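Visitor: The following block contains the structure, expressed as structure tokens.
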Amino acid sequence: MIKIYGQMMSRAPRCLWLLEEAGVPYQHVPVNQQAGEAQKPEFLAINPNGKVPALEDGDVKLFESMAINLYLGRKYGKDLWPASEADQARAIQWSFWGMTEIEPPLITILVQQMFTPDDQKMPDRIEDAKASLPRPLKVLEDHLKNRSYLLGDKFTVADLNLASIFMLVNYVKYDLSPYPNVQKWLGACLGRPALAKLTQS
Ligand SMILES: N[C@@H](CCC(=O)N[C@@H](CS)C(=O)NCC(=O)O)C(=O)O
């Protein structure tokens, strides 16, 4: 049985979302990081970084949420996995792009807004992070001008991976209204029944 380790308040749901989309059986193993469970030898044997999410699928152990999803998408994803090599490469491209261009500033804003005590907040960090977003967002906005999803007219692992990063926008209340194509795409991704099933469970 496929196992995904990590609490719901972490990046683990992006892997659980993929498995819900794929409709394959899996076991969700919450890891209580506050209680130090991610630093215990049993967990470090699965992910030596002591972070979540992590995957176990038979003999395969993986860390890094995007790598886990690309593995799961390819092995179990059926329609989630693009057919052509070029589209598979584009799915990897958008996953890396999300992790490097979009996730770091959103995480900076999140940490500053929600997890930093008032007397330690650094407003400049939020401003710098916000200032770095319009450039990549314009790229995505233009890309989505003539297509519903990243690779065309079908939802794939590329959309799932990138939308799972963009979910943070709702927490940090970043205004996406200057990017209507991005808003529409994100709404379509986050409105998927598989995701609703996960968040309601
Ligand atoms: N790039 C990694 C990030 C993993 C990560 O930082 N996970 C957080 C929870 S979402 C964590 O376990 N943090 C605990 C720590 O930094 O010790 C991924 O996408 O899987």
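Visitor: Limited to segment 134-179, what total is found for residues that are touching an Asp or Glu at 6+ places or on another chain (Cβ under 6 Å), not in a loop (DSSP other than H, G, I, E, B) and not aliphatic (A, V, I, L, M)?
Guide: Of all residues in segment 134-179, those touching an Asp or Glu at 6+ places or on another chain (Cβ under 6 Å) come to 136, 149-151, 165, 179.
In the following step, the residues that additionally are not in a loop (DSSP other than H, G, I, E, B) were identified as 136, 149, 165.
Going one step further and asking which of them are not aliphatic (A, V, I, L, M), we end up with 136, 149.
Of the residues in that region, 2 qualify.
Visitor: I would also like to ask the following. Can you name every residue in segment 98-113 that is loosely packed, with under 14 Cβ neighbours inside 10 Å and within 19 Å of the chain's Cα centre (by Cα)? Steps first, answer last, please.
Guide: Residues of segment 98-113 that are loosely packed, with under 14 Cβ neighbours inside 10 Å, as a first pass: 100, 104, 113.
Listed by number, the residues that qualify are Thr100, Pro104.
Visitor: Does segment 55-66 hold any residues that are within 20 Å of Phe96 (Cβ to Cβ) and either more than 8 Å from the ligand (Cβ to nearest atom) or over 20 Å from the mean Cα position of the chain (by Cα) (or both), and which are they?
Guide: The initial filter retains those residues of segment 55-66 that are within 20 Å of Phe96 (Cβ to Cβ), namely 55, 62-66.
If the condition is that a residue be within 20 Å of Phe96 (Cβ to Cβ) and either more than 8 Å from the ligand (Cβ to nearest atom) or over 20 Å from the mean Cα position of the chain (by Cα) (or both), then Leu55, Leu62 are the ones that fit.
Visitor: What number goes with the only condition from (1) polar (S, T, N, Q); (2) open to solvent by less than 40 Å² (accessible area, probe 1.4 Å); (3) within 20 Å of Met8 (Cα to Cα) that Thr156 does not pass?
Guide: Unmet condition: (3).
Visitor: Name the single residue that is surrounded by the most Cβ atoms within 10 Å (Cβ to Cβ) among those in segment 119-146 being among the basic types (Lys, Arg) and within 21 Å of the chain's Cα centre (by Cα). Show your work before the answer.
Guide: Just the residues of segment 119-146 that are among the basic types (Lys, Arg), to begin with: 121, 125, 130, 135, 138, 145.
Next, only the ones that are within 21 Å of the chain's Cα centre (by Cα) stay: 130, 135, 138.
Details: Lys130: 16, Arg135: 9, Lys138: 13.
The extreme case among them is Lys130.
Visitor: Could you list, in sequence order, all residues of segment 68-127 that are within 13 Å of the ligand (Cβ to nearest atom) and charged (D, E, K, R)?
Guide: Residue satisfying the conditions is Glu103 alone.
Visitor: Hey, another quick one. If a residue counts only when it is within 21 Å of Thr156 (Cα to Cα) and without any contact (Cβ under 8 Å) to a residue 40 or more places away in the chain, which helices (runs of 4 or more DSSP H) contained entirely in segment 1-114 have at least 2 such residues?
Guide: Numbers: elements: 12-22, 41-44, 65-76, 85-97, 103-110.
By residue number, 65-76, 85-97.
Visitor: Among the residues of segment 9-29, write down those that are within 12 Å of the ligand (Cβ to nearest atom), open to solvent by 60 Å² or more (accessible area, probe 1.4 Å) and modelled with pLDDT of 95 or more. Step through it out loud before you land on a result.
Guide: We begin by selecting, within segment 9-29, every residue within 12 Å of the ligand (Cβ to nearest atom); these are 9-15.
Checking which are open to solvent by 60 Å² or more (accessible area, probe 1.4 Å) leaves us with 9, 11.
Arg11 - this is the single residue of segment 9-29 that is within 12 Å of the ligand (Cβ to nearest atom), open to solvent by 60 Å² or more (accessible area, probe 1.4 Å) and modelled with pLDDT of 95 or more.
Visitor: Could I ask something else about it? Yes or no: Ala38 more than 18 Å from Met9 (Cα to Cα) and either within 15 Å of the chain's Cα centre (by Cα) or within 11 Å of the ligand (Cβ to nearest atom) (or both)?
Guide: Judged against the criteria, Ala38 is not a match.
Visitor: Between Leu198, Leu176, which is modelled with pLDDT under 95, surrounded by 14 or more Cβ atoms within 10 Å (Cβ to Cβ) and more than 15 Å from Gly98 (Cα to Cα)? Give the derivation first.
Guide: On the way: Leu176 fails: modelled with pLDDT under 95.
Being modelled with pLDDT under 95, surrounded by 14 or more Cβ atoms within 10 Å (Cβ to Cβ) and more than 15 Å from Gly98 (Cα to Cα) holds for just one of Leu198, Leu176, which is Leu198.
The values are calculated or read from the model by the stated rules, or taken from the named source; none is laboratory data. Treat the numbers as computed from the prediction; the structure is a model and nothing was measured. Reconstructed Cβ throughout: ideal geometry from the backbone, glycine too, with neighbour counts over all protein chains shown. To get the accessible areas, we keep the full protein, side chains included, count just its heavy atoms, and leave off ligands, DNA and RNA. Shrake-Rupley method; radii C 1.70, N 1.55, O 1.52, S 1.80 Å.
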